[in-house]
Amino acid sequence: MSEEDRRVLRSRRLVSKPLVTPEKDDVIRSDSDRPLRTMTNGFMDLEHVIKRKMELKRKAEILKSELMKEVDIHFNEFVNNFIEESTTLEASSASGNCYPSSAEKDKVRSLRPPPDHGKVFVSRRSLLDELFDVNHFRTIYHMFIALLILFILSTVVVDCIDKNRLVLEFDLLFYAFGKFPIVVSTWICMFLSTLIIPYGLFSMWAQGYKASSYRTIRSLFYGLLYLVFQMLILGFCPAYIVLQQNLPPASRFIVILEQVRMIMKVHSFIRENIPRVLSSAKDKSTVAPVPPVTQYLYFLFAPTLIYRDNYPRNQSIRWGYVATKFAQVLGSLFYAYYVFVRLCIPLFRNISQEPFSLRVLVLCIFNSILPGVLILFLAFFAFLHCWLNAFAEMLRFADRMFYKDWWNSTSFANYYRTWNVVVHDWLYYYAYRDFLWFFGRRFKAAAMLSVFMVSAVVHEYALGICFGFFYPVLFILFMGFGMIFNFILHDRRKGPIWNVIMWTSLFLGQGVLLCLYSQEWYAQRHCSVSNPTFLDYLKPRSWTCHVEEEQL
């Protein structure tokens, strides 16, 4: 064979080799590479591709769910450990020094409570602000806005059809917030007395306590003056003004809620500073540990009921955020107005014309569930989120945990702790913990009962003064069903079914409250008693209102 024949044969082998290789590769390929093979041959196995993609998608969803659970667990552990370490670092370092002096340690120790005694404030955002960063949760907020728009449109359309003109009257709002100058003047008097009298009494007691030879008598004297201030000036005078001036409901709520807030603030200031004076009297320090009046003034406006000399502060104020929160408060106010106008007033105006019976009561309760739940959501969003966040932003108050995820509660015990964290902290540290400190830790059930009693009495006092009649529905629900559910639906109840039970009970309770209080409101207005006795003030007038109308 010549050299030329060898070159031709070699070239043929090189050309034929790529043609043989794909066939061998097809034999050894796995089934997962089948789409690539069929595409190479010019065909497409669509069914196999779709099944393969669905399988991969299902595995990805499972991995995503497991990954999110692991991330959530580790993130919670990380945040809890970070908070504990940060508070430890705060207590062990001052002014940026890793090894503070003994004087600096004493200063830090005097400014902060012991770890097992008081609440520790840290810088954190409100939960709804974090959730609204997610599109899915912000859509729920948009749904409520859309519902408000529909309420407005329905009111406008009904007015145009029934009255052939556009009626944009807000008589209910003007009535509810009537006599507002009296409210403003009453609040100014309450605030000035709260600023001057308790601080002055505490300062005079503390400055002369160590040098006094009669410390017990001195403490009893100033303590008596303090109780007179709490009961007479802050307790009796605002309630007397509200009743004597016959303020409308919303104006009454402003005065009474501010009254309760200032009473709780003053108690926290005195309660947190008395131990300092007692401990300094045992030392050789000559200066009484009285906080500056500026710190007390800041505390009176701060969105917390627990006094501290210093709170975590933000670097700047976002005035756009403040304006947005106040605008949302105003929007919630108009939202509540349309809920009453469209859902409540027509319902109770018709019910007040029927005799009181079990049938009327059941229908009223179930018809009141929707407006009652809307009012609950609006009160939570307007006050606990918008109002408190607006003041926190203006004061650069960095701890925004005014509530927790109460909507995920599977027990009423957790709901009571997470619905209003501001009030819960005060009740926990100054009612529950102090009760156990005074009587011993064996009386935990009695301490919990006392906390429920204090909360129920204050709630019923506020409703009784603001509505102008005694009808202890909330007190009975709080002390009766609330206590029962607190022990039955406890923290060991987990799972979605318990969350459904909690929401069902909450919805039903809101319907009962709105129905009974609204019926009694209309009965008090339409069935007046000429010469009421003491029993007439205690007996619900809605039970016999229709009978009295027939007799008249």
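Couple of notes before you dig in:
- Residue within the range 190-208 that is over 16 Å from Phe269 (Cα atoms), modelled with pLDDT under 90 and open to solvent by 70 Å² or more (accessible area, probe 1.4 Å) present: yes
- Residue within the range 476-486 that is open to solvent by less than 20 Å² (accessible area, probe 1.4 Å) and farther than 27 Å from Trp407 by Cβ present: no
- Checked against the criteria, Phe452 counts as within 19 Å of Ile484 (Cα to Cα), crowded, with 16+ Cβ neighbours inside 10 Å, free of Cβ contacts under 8 Å to residues at least 60 places away in the same chain and of a type outside the set (Val, Ile, Thr).
- Lone qualifier among Phe443, Phe469, Phe485, Phe435 - being of a type outside the set (D, E, K, R), more than 28 Å from Cys386 (Cβ to Cβ) and assigned to a loop (DSSP other than H, G, I, E, B): Phe469
- You will find that of Leu378, Leu384, Leu395, the residue that is hydrophobic (A, V, I, L, M, F, W, C) and over 13 Å from the mean Cα position of the chain (by Cα) is Leu395 and no other.
- Failed condition for Val457, given (1) among the aliphatic types (A, V, I, L, M); (2) surrounded by fewer than 16 Cβ atoms within 10 Å (Cβ to Cβ); (3) in contact (Cβ under 8 Å) with a residue 24 or more places away in the chain: (3)
- Looking only at the range 408-430, and only at residues there that are without any contact (Cβ under 8 Å) to a residue 40 or more places away in the chain and open to solvent by less than 20 Å² (accessible area, probe 1.4 Å), the one that is farthest from Arg271 (Cα to Cα): Thr418
- Residue list for the range 518-536, filter: at pLDDT below 75 and of a type in the set (Ser, Thr, Tyr): Ser528, Ser530, Thr533
- Here Lys282 fulfils each of the conditions (1) modelled with pLDDT of 90 or more; (2) open to solvent by 60 Å² or more (accessible area, probe 1.4 Å) apart from (1).
- Residues of the range 223-240 satisfying the condition of being over 15 Å from Tyr461 (Cα atoms) and either open to solvent by less than 40 Å² (accessible area, probe 1.4 Å) or touching a residue at least 24 places away in the same chain (Cβ under 8 Å) (or both): Gly223, Leu225, Tyr226, Phe229, Gln230, Ile233
- Check on Gly480, within 19 Å of Phe452 (Cβ to Cβ), out of contact with any helix residue (DSSP H, G or I) (no Cβ under 9 Å at 6 or more places or on another chain), of a type outside the set (Asp, Glu) and at pLDDT 75 or above: yes
- Spans of helices (runs of 4 or more DSSP H) in the range 288-407 with at least 2 residues among the β-branched types (Val, Ile, Thr), out of contact with any Gly (no Cβ under 7 Å at 6 or more places or on another chain) and open to solvent by 60 Å² or more (accessible area, probe 1.4 Å): 293-301
- Lone unmet requirement of (1) in a helix (DSSP H, G or I); (2) open to solvent by less than 30 Å² (accessible area, probe 1.4 Å) for Thr216: (2)
- Arg261 being basic (Lys, Arg), within 22 Å of Leu427 (Cβ to Cβ) and over 24 Å from the mean Cα position of the chain (by Cα): no
- Test result for Asn273, over 27 Å from the mean Cα position of the chain (by Cα), polar (S, T, N, Q) and open to solvent by less than 20 Å² (accessible area, probe 1.4 Å): yes
The values are calculated or read from the model by the stated rules, or taken from the named source; none is laboratory data. A quick note: this is a predicted structure, and the numbers were derived from the prediction, not measured. Backbone-built Cβ (ideal geometry, glycine too); neighbour counts: all protein chains shown. Side chains included, ligands, DNA and RNA excluded: accessible areas come from the protein's heavy atoms. Shrake-Rupley method; radii C 1.70, N 1.55, O 1.52, S 1.80 Å.
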